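Student: Could you have a look at this structure, given as structure tokens, before my questions?
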Amino acid sequence: MTVYFIGAGPGAADLITLRGARLLASCRVCLYAGSLVPRELLAECPPEARLVDTARLDLDAITGELVRAHEAGEDVARLHSGDPSVFSAVAEQMRRLDAAGVPYEMVPGVPAFAAAAAALNRELTVPTVGQTVVLTRLAQQATPMPPGEDLATLGRSGALLVLHLAARYADRVVAELLPHYGADCPAAVVAMASRPDQIVLRGTLAEIADATKAAGITRTAVILVGRTLGATQFRDSHLYSPERDRHTC
């Protein structure tokens, strides 16, 4: 049978995709991270489904659950918060499933950075201001970053940065980015994006670390830094220009 790595979205239960909800309702086994996946989503599982909270399981235990379900002829919904293509640790699970001969599929979900942009009511790419978004994280107490992907190096691009797993280290973020973005660069922190307890902080790069600490935000948040967050003076996109061939729109 098949393991479905399903993006549960950023938090709000109704931000799961239709495909994800349909598969969740059809699988007799569901593995989920209890601290990250909204409980309301589990109501979509079949009444007889076996639910496994993976919050306290290591990788081998999780893989063992997936393999056993496959051997028992059961499809598995493996729920991951956000989108499974970004910071989800599915790569090592898929590698083990490949070795065990277990088929799997990935089902996209709404990523945290998209939910944060919605909370801010901002387009992250703005004509003539910024057209690049960099998704990254800090290596503090986590897997080391590859060479050339440290924050100072990425900051030289001037692109909009979206930092995951970094709220606890906001001071370090500010210190490493100030030389490249300047103290007045717009910045924001969005915690628990799309959830009832969502917190949105706006300010400058110089202010955002203190604001994050004052709000008590240490996890389940993204930090955004870049000029597009405050852009108001920019040219209209060529997309809807009267000179553009309408057949290409």
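The values are calculated or read from the model by the stated rules, or taken from the named source; none is laboratory data. Note that this is a predicted model, so its numbers are computed, not measured. Methodologically, a virtual Cβ is constructed for each residue, glycine included, from the backbone with ideal geometry; neighbour enumeration extends over all protein chains shown. Surface accessibility is based on the protein's heavy atoms, side chains included, excluding ligands, DNA and RNA. Shrake-Rupley method; radii C 1.70, N 1.55, O 1.52, S 1.80 Å.
Student: Tell me, what % of the accessible area of the range 121-249 is carbon and sulfur with a 1.4 angstrom probe? Mind dumping the intermediate values first?
Tutor: Numbers: 3770 of 7300 Å².
After summing per-atom areas, the C and S share lands at 52 percent.
Student: Now for a different question. List, in order, the whole-Hz ³J(HN,Hα) value for each residue of the range 148-154 obtained from phi through the Karplus relation with A = 6.51, B = -1.76, C = 1.60 and θ = phi - 60°; use x for Gly and Pro.
Tutor: Couplings: x, 10, 5, 4, 4, 5, 5 Hz.
Student: Between the range 33-72 and the range 157-193, what is the C-alpha centre distance in whole Å?
Tutor: Cα centroid to Cα centroid, the span is 34 Å.
Student: May I pose another question? Per the 1.4 Å probe, what fraction of the accessible area of the range 12-82, in percent, lies on carbon and sulfur atoms? Write down the numbers at each step before the final one.
Tutor: Details: 1790 of 3630 Å².
Accessible surface attributable to carbon and sulfur in the range 12-82 totals 49 percent.
Student: While we're here: How large is the accessible surface per residue of the range 125-228, computed with a 1.4 Å probe and reported in Å² as a whole number? Before the final figure, lay out the partial values.
Tutor: Working: 4930 Å² over 104 residues.
So the range 125-228 comes to 47 Å² accessible per residue, rounded to a whole number.
Student: Let me ask something else. In Å³ and rounded to a whole number, note down the convex hull volume per residue for the Cα atoms of the range 72-197.
Tutor: 161 Å³
Student: Taking the Cα atoms of the range 156-233, report the difference between the largest and smallest coordinate on each principal axis, in whole Å and largest first.
Tutor: Computed over the Cα atoms, the extents are 33, 28, 18 Å.
Student: Moving to a separate point now. Calculate the spin-label point distance for residue 143 paired with residue 156, positioning each point 7 Å from the Cα along the beta-carbon direction, and give it in nanometres.
Tutor: It works out to 2.5 nm between the two label points.
Student: If amide hydrogens are placed 1.01 Å from N in the peptide plane, which non-local residues have theirs closer than 5 Å to the one on residue 204?
Tutor: 187
Student: Cβ under 10 Å from residue 12's Cβ, residue 12 left aside: what net charge do those residues give with Lys, Arg +1 and Asp, Glu -1?
Tutor: Numbers: positive: 195; negative: 14, 40.
That works out to -1.
Student: For percent of Cα pairs over 28 Å apart, the listed values are (i) 26; (ii) 42; (iii) 32; which was obtained by calculation from the structure presented?
Tutor: It is the value labelled (ii).
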